[in-house]
Amino acid sequence: EPPPSTQPPEAVLLMGSLHLGKHQEALARAAHAGAPLWAGKPVAFVSVSLAAGSRDPKEVAAARAIADAFLADAGLTGAALSLAAGAVHERELNWVTRWMMREILAKHGVEPDPSGDTVFTNYDALDGFVEAFAAGMR
């Protein structure tokens, strides 16, 4: 949701996931509404997607281009950007989507985790990005 206050924060960290080539609509609304308040403030965006963790450079580049376009559309072109690989949580998916995700994983040579939660996130890299962003504000 858009920020509840008209007082600008010291910094902004946005995170959202990419599905079918788009970030969440609520995130887009918040970014558009907040951008004028955040002018001159440090802003970082973490775009989460399976494509971010792909071994195919074209898929990673496509995810980056979508994230760059999201930031430009919101008026946040100076924001720091990190792409983070996401996860597949099968129990949250309907059977059609579950089947499609298994096909995508198989295409990339990935065996789904038996738990139903196949996680691709590199938490060390994500922590490093957030720590570097925070250090830049000190």
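Details
- One residue stands out in segment 18-63 among those that are modelled with pLDDT of 95 or more, touching a strand residue (DSSP E or B) at 6+ places or on another chain (Cβ under 6 Å) and part of a helix (DSSP H, G or I): the one that is farthest from LEU126 (Cα to Cα), namely LEU27.
- SER5 meets each of the listed conditions (1) on the phi > 0 side of the Ramachandran plot; (2) at pLDDT below 90 apart from (1).
- Restricting segment 97-113 to residues that are in contact (Cβ under 8 Å) with a residue 24 or more places away in the chain and closer than 19 Å to ALA62 by Cβ, the residue that is most open to solvent (accessible area, probe 1.4 Å) is ILE104.
- For segment 84-96, the condition of being farther than 21 Å from PRO9 by Cα, open to solvent by 70 Å² or more (accessible area, probe 1.4 Å) and hydrophobic (A, V, I, L, M, F, W, C) holds for at least one residue.
- Residues satisfying the stated conditions in segment 74-83, i.e. surrounded by 14 or more Cβ atoms within 10 Å (Cβ to Cβ) and out of contact with any strand residue (DSSP E or B) (no Cβ under 6 Å at 6 or more places or on another chain): ALA74, GLY75
- Selection status of ALA67, open to solvent by less than 50 Å² (accessible area, probe 1.4 Å) and either at pLDDT below 95 or out of contact with any helix residue (DSSP H, G or I) (no Cβ under 8 Å at 6 or more places or on another chain) (or both): yes
The values are calculated or read from the model by the stated rules, or taken from the named source; none is laboratory data. Here the structure is a predicted model, which is why all the values come from computation and not from measurement. Note: ideal-geometry Cβ built from the backbone for every residue, glycine included; neighbour counts use all protein chains shown. Protein only, heavy atoms only, side chains kept; ligands, DNA and RNA dropped before computing areas. Shrake-Rupley method; radii C 1.70, N 1.55, O 1.52, S 1.80 Å.
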